[in-house]
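Following: one structure in structure tokens, then a few remarks.
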Amino acid sequence: MDKVYLPRGSLGELYQALVDEGYEVIGPQEQQDAIVFAPLSGIEQLPWGRQEFTAPGQYRLDNASEQRAFHWNTGPQSFKPWLFKPQQVMWLGQETDDGIVFKAPVSDAKPRAFIGVRSCDIAALYLQDQHFMHGPHPDPWYSEQRRQLCIVAVNCSRAADTCFCVSTGDGPEATYGYDLLLDELDDGYLVQAKGERGNRILATLPTQGATPLQQRHAEEQLARAARQSRQMPDADTLKSLVEHLSDEQWLRIAERCLACGNCTSVCPTCFCSKQEAEQDLVSGEHQQVRVWDSCFSEQHGHIAGKNIRGEVSQRYRQWVLHKLATWQDQYQRSGCVGCGRCISWCPAAIDLVEEVNLMLGSRHD
């Protein structure tokens, strides 16, 4: 379907259309000096006139010259906490005189519409889908929420310093995985729908025909967003990382790496977890909880009483080789979507793209 034009003053009608469809609307908001996704009660909560500054080890919000709602690229968060939750109760048990009675936890999945989603995070969502939904043992909690998602994507109008989605093939333009797609202009939005749901919502909005000038402005924005200085090597080149197991660069990185796991927490595709048993001694209730873990934690490398990755250099190597090289054998592509979060949220300012290019001898200056 061709793109149509929605005046800025009618953005609230898009919000209301999503509510009328029965969705809880989740959108970007400024909280604790970062842009995060949270429930919206109206479009006034969107981060109007704000944009992010990012660099290795740096993230801050600045005032933008344009009073737009989506003039930012990424914050520390993606879909991940809403589907693969930081804490997920797997089962519950109640101690009785006849033994332990088990029961399933109550699900909080509901129809949710995300507005402001970028192409890199849609790519990450589809990678998580492969792991949690399309493998031999689908995750019921992830799957239930995923089936109830409505996605309103926004094409990027600019690129942050840490963006490199062009080199991974995941942006800055959204080409799949959305119900509605917006290009934000100074005075409104170009809108495109996909699928029955998207077209149904679009039909309720007071849209107009898009002019050639508006379409040209949207194309120029995308072209600007595609001019990115960082470049991740191509997929075939990344596979050769497995030939660098003994490279001294791993040791040099480990001298700076804090093994804090920040990179894995903000990464939209990481999915390491562990399980913990919790018990209330008074009530006799038990629960088994899945919590996020990181391959940077020392405990994560414990197997059969032995730590197979005792050194930080080994843990960083595990993360990079799995994410960029061996992931391709599992999921037919690299696990990196070029969002740059791991670079800006690393307290040691370690630049994944820079380190990989140094390792492979293909540094881009």
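Residue 153 fulfils the conditions (1) of a type in the set (Gly, Ala, Ser); (2) closer than 24 Å to residue 57 by Cα; (3) assigned to a strand (DSSP E or B) except for a single criterion, (2). One residue alone among 268, 233 is crowded, with 16+ Cβ neighbours inside 10 Å, part of a loop (DSSP other than H, G, I, E, B) and touching a Phe, Trp or Tyr at 6+ places or on another chain (Cβ under 8 Å), and that residue is 268.
Would you confirm whether or not the stretch 214-227 contains a residue that is under 14 Å from residue 168 (Cα atoms), of a type outside the set (D, E, K, R) and in a loop (DSSP other than H, G, I, E, B)? Yes: the stretch 214-227 contains one or more residues that are under 14 Å from residue 168 (Cα atoms), of a type outside the set (D, E, K, R) and in a loop (DSSP other than H, G, I, E, B). Residue 205 - would you say it is open to solvent by less than 70 Å² (accessible area, probe 1.4 Å) and outside any strand (DSSP E or B)? Spelling it out, residue 205 is indeed open to solvent by less than 70 Å² (accessible area, probe 1.4 Å) and outside any strand (DSSP E or B). Look at (1) surrounded by fewer than 22 Cβ atoms within 10 Å (Cβ to Cβ); (2) closer than 23 Å to residue 48 by Cβ; (3) of a type in the set (Val, Ile, Thr) and you find that residue 154 fails only one, number (1).
Tallying residues that are of a type in the set (A, V, I, L, M) and open to solvent by 10 Å² or more (accessible area, probe 1.4 Å) within the stretch 325-349 yields 2. Checking each residue of the stretch 55-64 against the condition of being out of contact with any helix residue (DSSP H, G or I) (no Cβ under 8 Å at 6 or more places or on another chain), among the aliphatic types (A, V, I, L, M) and within 18 Å of residue 160 (Cβ to Cβ) gives at least one match. Per the listing 285, 255, the residue uniquely touching a residue at least 12 places away in the same chain (Cβ under 8 Å) and out of contact with any Cys (no Cβ under 6 Å at 6 or more places or on another chain) is 285. Inclusion of residue 2 among residues that are touching a residue at least 40 places away in the same chain (Cβ under 8 Å) and either charged (D, E, K, R) or closer than 18 Å to residue 154 by Cβ (or both) is warranted. A single entry from 171, 198 fulfils the requirement of being open to solvent by less than 40 Å² (accessible area, probe 1.4 Å) and touching a Cys at 6+ places or on another chain (Cβ under 6 Å): 171. Here is a check on your reading of the model: is residue 277 aliphatic (A, V, I, L, M) and loosely packed, with under 14 Cβ neighbours inside 10 Å? Considered against the rule, which asks whether it is aliphatic (A, V, I, L, M) and loosely packed, with under 14 Cβ neighbours inside 10 Å, residue 277 comes out as yes.
Residues that are open to solvent by less than 70 Å² (accessible area, probe 1.4 Å) and out of contact with any strand residue (DSSP E or B) (no Cβ under 9 Å at 6 or more places or on another chain) were ranked within the stretch 208-230; the one that is farthest from residue 343 (Cα to Cα) is 223. Being open to solvent by 40 Å² or more (accessible area, probe 1.4 Å), out of contact with any helix residue (DSSP H, G or I) (no Cβ under 6 Å at 6 or more places or on another chain) and either at pLDDT below 90 or hydrophobic (A, V, I, L, M, F, W, C) (or both): is that true of residue 292 here? For residue 292, the condition - open to solvent by 40 Å² or more (accessible area, probe 1.4 Å), out of contact with any helix residue (DSSP H, G or I) (no Cβ under 6 Å at 6 or more places or on another chain) and either at pLDDT below 90 or hydrophobic (A, V, I, L, M, F, W, C) (or both) - is met.
Scanning the stretch 29-80 for residues that are of a type in the set (D, E, K, R) and either open to solvent by less than 40 Å² (accessible area, probe 1.4 Å) or not in a strand (DSSP E or B) (or both) yields a total of 6.
Yes or no, residue by residue, for (1) among the β-branched types (Val, Ile, Thr); (2) closer than 30 Å to residue 69 by Cβ:
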| residue | (1), (2) |
| --- | --- |
| 178 | no, yes |
| 189 | no, yes |
| 198 | no, yes |
| 204 | yes, yes |
| 229 | no, yes |
| 238 | no, no |
| 250 | no, no |
| 259 | no, no |
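Being in a helix (DSSP H, G or I), buried (at least 20 other Cβ atoms within 10 Å of the Cβ) and not charged (D, E, K, R) is a description that applies to residue 122.
Tell me whether the stretch 1-15 contains one or more residues that are open to solvent by 40 Å² or more (accessible area, probe 1.4 Å) and polar (S, T, N, Q). No, the stretch 1-15 contains no residue that is open to solvent by 40 Å² or more (accessible area, probe 1.4 Å) and polar (S, T, N, Q). Looking only at the stretch 295-312, residues that are assigned to a helix (DSSP H, G or I) and open to solvent by 40 Å² or more (accessible area, probe 1.4 Å) come to 3 in all. If the condition is being farther than 14 Å from residue 144 by Cα and part of a strand (DSSP E or B), then the stretch 91-112 contributes 91, 92, 93, 94, 95, 96, 99, 100, 101, 102, 103.
The values are calculated or read from the model by the stated rules, or taken from the named source; none is laboratory data. Because the structure is a prediction, the values reported are computed rather than measured. Cβ sites come from the backbone with ideal geometry, for glycine too, and all protein chains shown count toward neighbours. Accessible surface areas use protein heavy atoms only, side chains included; no ligands, DNA or RNA. Shrake-Rupley method; radii C 1.70, N 1.55, O 1.52, S 1.80 Å.
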